[in-house]
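Just dropping this structure here.
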Amino acid sequence: MRIGLLNNLRAGRSNPEVRKILHLLKDYPDVAHIETTSVRAVPEALASLARQEVELLVVNGGDGTLQYTLTQMLTTDDFPAIPMVAPLRGGRTNMTAMDLGAHRNPVKGLQGLLEDAKADRIKDRVVDRPLLRVETLRDRRVHYGFFFGAGMIHRAIDLTLNLFPTGRSQGSFGAGIVTAGLILRAIAKRNDGILTPDKAQILLDGDLVDGGEFTLIIASSLQRLFLKINPFWGREDAAVRFTALVSGCERTALAAPGILRGRPPGFVKPETGYTSRNVEEAELRLDAGFTVDGEIIPPRSGEIVRITGDRRIRFVRA
């Protein structure tokens, strides 16, 4: 199996860990690896790996690096056949790699992966997962990823990036602090600042979601988010897991713990302002900005966003 490694040197891990990965690769000379120092270098790096007919692409970076890589792979003709993808936990945020069961230490994860490849045991690590395809209909721009968040989520990520210094504190730790603060403010019925409701029209498989103003709009194809949060409780057999909370929904203090675990109390239902469904397609008309795996897309008035999950990729647990 031809293995390639895209090594993002600016993804947030420390230089010693990067050096350990480069040192490890000396024992595996057949692995094609390219180091990048900026996102602008990723397209050419992927094109080079495609020319080498890579069958398994290891991505050493965080959620943002993986999202950009997947989008580039699936929206260009560089790869005649899409390779399997193995994300390492090498960035500030690593929700996708964690959800796939990647090793906490990216060096040990890579070493185990390469040893299993040498012993022809890769099939034991393969995980088939759907991707979110997020398209803005105005300019037909497409993003592939695993997590979508609009309005409040967009602003919370922006706050995390500005509130904490560059590095690991911008990852799960910083996100956890910000999330805890937002939950407390929501329980206290504070609908200002980041928690200002956003006007949106939401169609889930063509059905209009009652509301008009929402404090939370999220979608994902992951089984869990950072800190093992799982704020989805739909039971339909569909790839896009979608949750929306109407502004002023009832008894948020009682609902919050169960919602975060994906097991809300009985009063949490669309009639009381809480909607969570697994759908084939979600379409949103909104003025707020949004994020796909941490990539910030600024707000545009009257934007129409379509989210589907009909593209699946074979991932490999590293």
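Just the number, please: carbon plus sulfur as a percent of the accessible area of the range 1-145, 1.4 Å probe, no ligands or DNA/RNA counted.
Working: 3020 of 6660 Å².
Looking at the range 1-145 in its full context, I get 45 percent from C and S.
Over the chain, average the accessible area per residue using a 1.4 Å probe and give it in Å², no decimals.
46
Can you give me the Cα centroid spacing of the range 40-102 and the range 217-231 in angstrom?
Distance between centres, Cα-based: 21 Å.
Do you know the relative contact order of the range 11-106, to the nearest whole percent, from alpha carbon pairs under 8 angstrom that are 6+ apart?
With pairs under 8 Å counted, the relative contact order is 31 percent.
What full-extension length gain, to one decimal in nm, is calculated for residue 207 and residue 74 as 0.36 nm per residue of separation minus the Cα-Cα distance?
45.0 nm
Once every Cα of the range 1-143 carries one equal point scatterer and solvent is ignored, give the base-10 log of I(q)/I(0) from the Debye formula at q = 0.12 Å⁻¹, two decimals.
Cα-only, vacuum Debye calculation for the range 1-143: -0.46.
May I ask you to compute the full-extension gain from residue 311 to residue 81, defined as 0.36 nm times their residue separation minus their alpha-carbon distance, rounded to one decimal in nm?
Here the answer is 81.4 nm.
Counting only helical runs of four or more DSSP H residues, what would the 222 nm mean residue ellipticity of the chain come to if each run contributes -39,500 (n - 2.57) and the total is spread over all its residues?
Calculated from helices alone, the mean residue ellipticity at 222 nm is -8500 deg cm²/dmol.
Right, next: For the chain, report the convex hull volume of the alpha-carbon atoms normalised per residue, in Å³, without decimals.
Value for the chain: 125 Å³ per residue.
Now a separate question. Counting DSSP beta bridges in the chain, what percent are antiparallel, to the nearest 5? Walk me through the numbers before you get to the answer.
Details: 53 of 70 bridges.
Taking every DSSP beta bridge within the chain, about 75 percent pair in antiparallel fashion.
Do you know the relative contact order of the chain, to the nearest whole percent, from alpha carbon pairs under 8 angstrom that are 6+ apart?
That works out to 22 percent.
What percent antiparallel are the DSSP beta bridges of the range 1-122, to the nearest 5?
Of the beta bridges lying entirely in the range 1-122, close to 5 percent run antiparallel.
Tell me, what HN-Hα J-couplings in whole Hz come from the Karplus equation 6.51 cos²θ - 1.76 cosθ + 1.60 at θ = phi - 60° for each residue of the range 290-299, using x for Gly and Pro?
Ordered by residue, 3J(HN,Hα) equals 8, 9, 10, 6, x, 6, 8, 10, x, x Hz.
Another one. Translational D (Stokes-Einstein, µm²/s) of the range 81-155 at 4 °C and 1.567 mPa s when Rh comes from the Kirkwood sum over C-alpha pairs?
The estimated diffusion coefficient comes to 88 µm²/s.
Taking 7 Å along the Cα-to-C-beta vector as the label spot, tell me the residue 51-residue 227 distance in nanometres, rounded to one decimal.
4.6
Could you give the length gained by full extension between residue 300 and residue 138, i.e. 0.36 nm per residue of separation minus their alpha carbon distance, to one decimal place? Could you put the intermediate results ahead of the total?
On the way: separation 162, 0.36 × 162 = 58.32 nm, distance 1.00 nm.
Stretched fully, the residue 300-residue 138 segment lengthens by 57.3 nm.
Using amide H atoms built 1.01 Å from N in the peptide plane, name the residues 5+ places from residue 281, or on other chains, whose amide H lies under 5 Å from its own.
Here 205 satisfy the definition.
The values are calculated or read from the model by the stated rules, or taken from the named source; none is laboratory data. Predicted model only: the values in this text are computed from it and were never measured. A quick note on method: Cβ atoms are made from the backbone with ideal geometry, for glycine too, and the neighbour counts reach across all protein chains shown. Surface accessibility is based on the protein's heavy atoms, side chains included, excluding ligands, DNA and RNA. Shrake-Rupley method; radii C 1.70, N 1.55, O 1.52, S 1.80 Å.
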